[in-house]
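Worksheet for the structure shown next.
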Amino acid sequence: MGDRQSSPVRDGPHYFNNAHSFIVQNSTFGNMAPKSVLKWLGNRVISGAEFDSSERDPPPRCHPGTRLSIVQRIRIWLQNSDRSKNLLWLHGSAGVGKSAIIQSLAELESKSNGVIATLFFSALKGRNDPNRVFTTLAYQLAVQDASYQAYVAELMSRDPRSLDKAMSEQFRKLFVEPFAQRGIGRGATPWLILLDGLDECRPPVAESQAQSPSERAQCEIIKLISTFVLEYPSVPLLWIISSRPESHLMACFSSADIRAAHWDEEVPINSDEACQDVERYLRSELEKIRQQYPYHMPTTTPWPCEEHMAVIARSALGHFVFAATVTKFIEDPDIGDPIAQLDQMLIFMDRPYMRSVEGNPLAALDALYTSILQQINPATLPLTKRLLRYCLWVNSGFLRDLRLLTVICNILNIEQNRAYSALRKLYAVLHIPHPNDAGKQRLEFLHKSFVDYLRNEDRSHNFSLSEADADADPWFWSIRVLEQAVVSHELTPDISKISLCWCPVEKSAQVQLRRRVYVTAATLLERFFFCLGDKALLDKIQSVDFSTIIGGHFILGKRNKMYSELFTRLTHPFRNTYFTSHGFTRSISLGDVDIRHIRNDRLAHYVTGTFVWPGGSLRKNPFNPDAYRQDHMFYKLIASIHTV
């Protein structure tokens, strides 16, 4: 354990102090030595979990001058005697710096000579047994307070096997009985209990397909603590729990019986303050490296230069674990050349998808992402990868607006329950909207480094999304949607025919969602035409009847990019030959077209170059065969649009 077991023990209330004229009958007094009590508890603790344990040295802590506002808000809450809630949930994505905040809070509060107990979970280090959570905390409290130690001695005398009970019974004996029923610590400065990384608390058993044992244990810990603070608000115990925003933890904290017990504080990943803090950290760490290698550094120019500093800060974008990984790679003492290491890191940042012949500068970050993805149930992994691939494909420019979760699921034909099942382990790396907000909020990557990881097969291995997957291609699914809306021999699509697998209750909402799904599918198909010329892609869609789809949706006058892009590529000499050889296009003679079959009672479109000319009557806008001959724009595709 850490150094806190040598801390001075607080004097508690003495039995029989100034007492007189009393009789004790049929009672047994235990005179248990402190060492035996601490040994009894110490045999059932999570070793190395304290904030000052040598096993965690050096621990992650907030860099000087960073995370000031969030630490200040939490300390104000701790010092506020009129606080209405005694439980705080600190949450944020993977690598955002939650452990550093908890560590800094523990160090600051320990200097005030208050009683403090900490538990830093780590699945990698084996600090994750839920059956030892409350015994670990009790040990630290017993080390620091004589009255609590005396209670534990009595408990040991009364029931030596009480620590082998179920977790709920342990909590009752170690917290409810001493603090709520006997009043230990009442009237004193509140005691602080910190639990960091609750999402890594996992029993040593196999995970099940339903709610896993680790999830049940984590939720039980939250429920025990929240029930305690609600039922006994005057007990001077303050609790802080930090974790990633995993789906089961968010559901637990947002449940009706727990919501009233806590307030929560989010640690954002890309806020202005986070970005400034990370840049401050980077500058400080790189300055330390510069001083560590004075003979390597240039004497006439600063190192790193501002341009390189901006590249690193922009890549980090408020992500502390990314920044820490970068500085550790540059500082690597086994290499001993920070200038060369920085150059290699900059090359890697510029080409994150390329194969690295000199190793992976972000191996530590990749290990974090891999550990997250390994928690996904193998049965749902293909569905997870389909959703991720969609987000990767529409992760730039105007396509960002196509990532409303309800739209995505209806494009990919994924029901609501299956979608959340596939995404439930990814809250640490994705913004996943609540179902109530799924029609308004986008499915987002929290940091670009996760995108780069997924796209590089050398880094993500089995989780890589770098290779095309026909069943996951967004355009494949957009074609399915557009085919549903086609009405034979009509230019106007019928969006009411689009089936919704995630369907809102209200009729008006259904109409709006179908319209969004339709426009998204058309936009995806527009993006598809930018990819024409890729033989592997064309081979996948040989069976698609584009003449029917485009003909049925040609009325989309406001989205003419799709058609103008198609026509531009069709007229390209090399690509036109390629498309013709694959049967996608065929030049025809005007003599093959019977003008009597052109629909004059519908909105007609006449193509001249890349200009789309909407007209009404053929008599008012006479057919101009020379324009078509001149621009080589009249193909079987166009004939199918205009003729019956």
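When you check residue 300 against the structure, is it of a type in the set (S, T, N, Q) and part of a helix (DSSP H, G or I), yes or no?
Considered against the rule, which asks whether it is of a type in the set (S, T, N, Q) and part of a helix (DSSP H, G or I), residue 300 comes out as no.
Of 289, 347, which residue is of a type in the set (A, V, I, L, M, F, W, C), in contact (Cβ under 8 Å) with a residue 12 or more places away in the chain and either closer than 27 Å to residue 76 by Cβ or assigned to a helix (DSSP H, G or I) (or both)?
289
Only one residue in 444, 415, 467, 490 is at pLDDT 90 or above and open to solvent by 20 Å² or more (accessible area, probe 1.4 Å). Which one?
Unique residue meeting the criteria: 415.
Determine, yes or no, whether residue 132 is out of contact with any strand residue (DSSP E or B) (no Cβ under 7 Å at 6 or more places or on another chain), open to solvent by 30 Å² or more (accessible area, probe 1.4 Å) and touching a residue at least 12 places away in the same chain (Cβ under 8 Å).
yes
Among the residues of the range 104-129, count how many are assigned to a helix (DSSP H, G or I) and either surrounded by fewer than 21 Cβ atoms within 10 Å (Cβ to Cβ) or small (Gly, Ala, Ser) (or both).
Residues meeting the conditions: 5.
Mind listing whichever residues of the range 291-327 are charged (D, E, K, R) and at pLDDT 90 or above?
Once the filter is applied, which keeps residues that are charged (D, E, K, R) and at pLDDT 90 or above, the range 291-327 yields 306, 307.
Residues are listed down the side, and each one gets a yes or a no for (1) modelled with pLDDT under 95; (2) surrounded by fewer than 21 Cβ atoms within 10 Å (Cβ to Cβ); (3) not in a loop (DSSP other than H, G, I, E, B):
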residue: 172; (1), (2), (3): no, yes, yes
residue: 179; (1), (2), (3): no, no, yes
residue: 188; (1), (2), (3): yes, yes, no
residue: 205; (1), (2), (3): yes, yes, no
residue: 238; (1), (2), (3): no, no, yes
residue: 250; (1), (2), (3): yes, yes, yes
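Hey, among 363, 379, which residue is open to solvent by 50 Å² or more (accessible area, probe 1.4 Å), touching a residue at least 40 places away in the same chain (Cβ under 8 Å) and under 29 Å from residue 422 (Cα atoms)?
Being open to solvent by 50 Å² or more (accessible area, probe 1.4 Å), touching a residue at least 40 places away in the same chain (Cβ under 8 Å) and under 29 Å from residue 422 (Cα atoms) holds for just one of 363, 379, which is 379.
List the residue pairs whose Cβ atoms are under 9 Å apart, where the first residue sits in the range 55-83 and is in contact (Cβ under 8 Å) with a residue 12 or more places away in the chain, the second is open to solvent by 70 Å² or more (accessible area, probe 1.4 Å) and assigned to a loop (DSSP other than H, G, I, E, B), and the two are 6 or more positions apart or on different chains.
Qualifying pairs under 9 Å: 55/125; 56/125.
Six or more apart or on different chains, Cβ under 6 Å: which pairs go from a residue in the range 176-195 that's of a type in the set (A, V, I, L, M) to one that's open to solvent by 50 Å² or more (accessible area, probe 1.4 Å)? Could you list them?
180/232
Would you point out which residue out of 277, 264 is at negative phi, part of a helix (DSSP H, G or I), at pLDDT 90 or above and surrounded by 14 or more Cβ atoms within 10 Å (Cβ to Cβ)?
277
Which condition number in (1) in a helix (DSSP H, G or I); (2) among the small types (Gly, Ala, Ser); (3) more than 25 Å from residue 243 (Cβ to Cβ); (4) open to solvent by 10 Å² or more (accessible area, probe 1.4 Å) is the one that residue 142 fails?
Result: residue 142 fails condition (4) only.
Of the residues 226, 214, only one is at pLDDT 95 or above, under 25 Å from residue 93 (Cα atoms) and of a type outside the set (A, V, I, L, M); which?
Result: 226 is the single residue among 226, 214 that is at pLDDT 95 or above, under 25 Å from residue 93 (Cα atoms) and of a type outside the set (A, V, I, L, M).
Could you please let me know if residue 201 is within 19 Å of the chain's Cα centre (by Cα) and open to solvent by 20 Å² or more (accessible area, probe 1.4 Å)?
no
Give the residues of the range 45-58 that are under 24 Å from residue 323 (Cβ atoms) and surrounded by fewer than 18 Cβ atoms within 10 Å (Cβ to Cβ), sorted by residue number.
Within the range 45-58, 57, 58 qualify.
The values are calculated or read from the model by the stated rules, or taken from the named source; none is laboratory data. Please read these numbers as outputs of a predicted model, since none were measured by experiment. Heads up, the Cβs are rebuilt from the backbone with ideal geometry, glycines too, and the neighbour counts pull from every protein chain shown. The protein model used for the area step is the full one, side chains on, heavy atoms only, and it has no ligands, DNA or RNA in it. Shrake-Rupley method; radii C 1.70, N 1.55, O 1.52, S 1.80 Å.
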